[in-house]
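For reference, the structure is listed below as structure tokens.
All of the numbers you see were taken from the coordinates with simple rules; none came from a lab. Here the structure is a predicted model, which is why all the values come from computation and not from measurement. In this analysis, Cβ positions are derived from the backbone assuming ideal geometry, glycine residues included, and neighbour counts consider all displayed protein chains.
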Amino acid sequence: MLERGPSGADSCQPWLDIDLTEYTLTRSRSSILHPCLQKLLPTLTTERVLDVGCGPGHLISLLPTPPNLYVGFDLARPQLTHARHAALNIHSEFIQADCRSLPLAERPIFDLIIASCLLNCLPNRRDLHHTCEALYRRLRPGGHLLAVVPHPEFDQYVLTGGAYSESGAAYTAIVNLGSGQLRFPNYHWTKRDLMSAMRTERVALNTLEPTADGEPPPYLVIVGAQ
Ligand SMILES: C[S@@+](CC[C@H](N)C(=O)[O-])C[C@H]1O[C@@H](n2cnc3c(N)ncnc32)[C@H](O)[C@@H]1O
């Protein structure tokens, strides 16, 4: 369920107070997105993985084999604490940082960079493009940037009941869990915005639209190659 939020808000700050431990309990994650990623990830090299906006590290268990190195960045310290637990048995590092100014200069390059449900947290087009460009620079030749976003058409369908929301419009996503609700600050990026930020010439797999029968797809998965 989605409801409109204050338009033009320009901050990722609210993420500092959101507890994502139960996030995977949503049906769209556990039955639609995660099985899709479990099929996709074994087709990519996953030895050195960077997960930007890693949250509590829910994607670590979806990797086909334990990576040689897993680096997670997130704005929110509590998420990083959970992610460290999720990665106890692998060589990993978790760092608090904003994806718009990642301390990546001294880092090795990666086979796979994941930005799962992160680009929709970015409040303007400049941040969207700048972040994708910076991430592509940290990939080895032939490496992949895997972006997962809430499906732009699904957003529009639920959010407006048929009308079109503007590119960049802010809204609050409300996710129903058994124990309550999670509210996320989100920004609506159209498919064109996303493909442009991911640079069409670099997009290896155009799009994947994980879906359940008869339902609009809740996510869009885009894979770009360096
Ligand atoms: C919807 S959650 C997704 C978590 C995880 N990637 C997943 O798919 O399970 C978004 C995550 O991005 C983080 N985040 C939001 N804005 C960010 C920013 N500017 N820089 C780094 N992380 C950010 C939030 O703290 C949160 O953990």
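Computed from the alpha carbon positions, the gyration tensor of region 77-139 leads to an equivalent ellipsoid with semi-axes of 22, 15, 10 Å, biggest first.
Among P64, V221, L119, whose Cα sits farthest toward the positive end of the charge dipole of the chain (+1 at Cβ of Lys/Arg, -1 at Cβ of Asp/Glu, about the Cα centre)? Of P64, V221, L119, it is P64. Here region 29-147 has an Rg and Dmax of 13.3, 38 Å, counting Cα atoms alone. Compared with the dominant principal axis of the Cα atoms in the chain, helix 77-86 is inclined by about 60°.
On full extension, the segment bounded by E93 and R183 gains 29.6 nm, given 0.36 nm per residue less the C-alpha separation. Rounded to the nearest 20, the size of the Cβ-charge dipole of the chain about its Cα centre is 400 debye, with Lys and Arg at +1 and Asp and Glu at -1. Counting only DSSP beta bridges whose two residues both lie in the chain, roughly 50 percent are antiparallel. The charge dipole of region 47-146, taken about its Cα centre with unit charges on the Cβ of Lys, Arg, Asp and Glu (plus for the first two, minus for the last two), comes to roughly 160 debye. Scaled to the globular estimate 2.2 N^0.38 Å, the Cα spread of region 91-211, given as radius of gyration, is 1.14.
The smallest convex shape that holds all Cα atoms of the chain, its convex hull, gives 117 Å³ per residue.
Between the helical axis of 125-137 and the longest alpha-carbon principal axis of the chain there is an angle of about 20 degrees. Placing unit charges on each Cβ (+1 for Lys and Arg, -1 for Asp and Glu) gives region 1-156 a dipole about its Cα centre, and among Q13, C99, L41 the Cα reaching farthest toward its positive end belongs to L41.
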